[in-house]
Every structure is written in structure tokens, then in C-alpha cells.
Amino acid sequence: MRRNGSHGTPPATARVRDEIAQIAARLLINGEADDFGSAKRKAAEQVGARDQRNLPDNLDVQAAIIEHQRLFDAEQTAERTRTLRQAALAAMQFFAGFEPRLVGPVMHGTPFAHSPVTLHLFSDELEHVMRKLLNQRIPFHLDEQIRRVGRRDSETYPLLETAMGDVDFELVVLPLVRLQHPPLSPLDGATYRRLDAATLAELLASPRAGEPLLPPSR
């Protein structure tokens, strides 16, 4: 994990941040928190940290997740990652007309037992995606997702929650312009890291099929 004690951060503060990151990681893995923000707040409450400025960032929590899975759940995580990436590829082939991209924990190689496969689909007409599901009699629930696209601007996207076989999916329908100009990931505030079907197929054919794709070093 990146040490927060560098760059002038007091060692005691760095230790608290590391502890919060590790607790937040466990909360997410166990399904006791829904996102990085709620996990960090719950973890801070557990350690009695009142200053929200001392919270770790999301990449610190992500590093703690990877370390926890490596130490305690390596074989199961690798198998789960391979299985979900294979399911993702099959779904991407099904949705080929919408330029699908794999994002989120399955792409990163850090899925939990309860993690869905998250795909970005690109269409200016939500009805086209819905019709694709309805024609195959695949039920879905319509929701929405908000993502930042700049320092101050956000956009709201339709989110179709469904299942294919035994795998849950989140299908986020983005306008075509976002194919070349991705929104910002809540993980690190940078543009989404994404895999297209061809790149995912290459990954699945390699010895790294179940391994995490580590974030860029900072």
C-alpha cells in the first residue's frame, strides 16, 4: 500500500490512514459498505477518527483490497475473476453493436463474491439497448448512475440491472460521445480504465486471466 507518511505527513496520521484503508477494504469485501465513501466513513468511525481530512484516498483502499485478497483469498479471487471476465466477454459479444467496454472490479481483477459485471454500452437511444434485452426475454431493472465528466460537471446515465445465467450485470448506457471521451472514475478521478472485447479476449487467453490489473503507480 502507498504509505501516507511520506511527503511530510506525520507517522501517527499515516498509521491511522492505513488502518482506515484496511478496515474500509474489509467492509467492501464483506458487503458491509456499498462504495468507497461509505466504507471510509464507517471505518473512520470504528477507529474514532473525527477529522475527515485524514481519510485515505480510494486508491489506498483499492491497494488494501488487493493486499487482503492476495493474503486471504488469492485462489478464490483469481477463479472468480476468470469466471466473471469470461461472462463479461460473452455479454460483450451479445452487445457488440453497442461498443461495450468492461469497467469496475471485474476489469480490475478485484471482484467480491457479490460483485456484478459492469459494462459501459454506448448509444444515444436507450430504447435500442432495452429492446435488445426484451427481444431475448431478459428482465431488467432501470436505475441511473451519476458520474463526473469534468472538475465541476456531472452527467446522469441510465443503468440497467439484470442477470445472465448466474451472473449479475450492471449495464450503464452512455451517449456515443463518451466512447472517445470517457467520464471520470470514482476510483481515482481519472478517466475510466476500460477493456474492449478484443483486449479482454487476449487477457483471458493469457496466464494473467485471473490476475488484478494494478492501477498506475503514483
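Bear in mind these aren't lab numbers, they're just calculated from the coordinates by the rules spelled out. Everything numeric here is computed off the predicted structure, so don't read it as measured data. Glycine gets a Cβ as well: all are built from the backbone with ideal geometry, and neighbour counts include every protein chain shown.
Brief remarks on what is shown
- From the C-alpha gyration tensor of the range 35-162, square roots of 5λ in Å: 31, 21, 12
- The relative contact order of the chain, computed from alpha carbon pairs under 8 Å that lie at least 6 residues apart in sequence, is 19 percent.
- Cα gyration tensor category, rounded, prolate or oblate, for the range 143-208 with a/c compared to 1.5: oblate
- Shape class of the range 80-155 from the Cα gyration tensor (axes a ≥ b ≥ c, square roots of the eigenvalues): oblate, since a/c reaches 1.5 or more and a/b does not exceed b/c.
- If you take the Cα centroid of the range 158-218 and the Cα centroid of the range 87-144, the two points sit 10 Å apart.
- Net charge of Cβ neighbours under 15 Å - reference Ala49; Lys, Arg +1; Asp, Glu -1: +1
- Only the Cβ atoms of Lys and Arg (+1) and of Asp and Glu (-1) were treated as charged; on that basis the dipole of the chain about its Cα centre amounts to roughly 640 debye.
- The Cα-based radius of gyration of the chain, divided by its Kirkwood radius, gives an Rg/Rh of 0.99.
- DSSP assigns beta bridges within the chain; of those with both partners inside it, close to 75 percent run antiparallel.
- Candidates Phe169, Thr118, Tyr192 compared by Cα position along the dipole of the chain: farthest toward the positive end lies Tyr192, with charges placed on Cβ.
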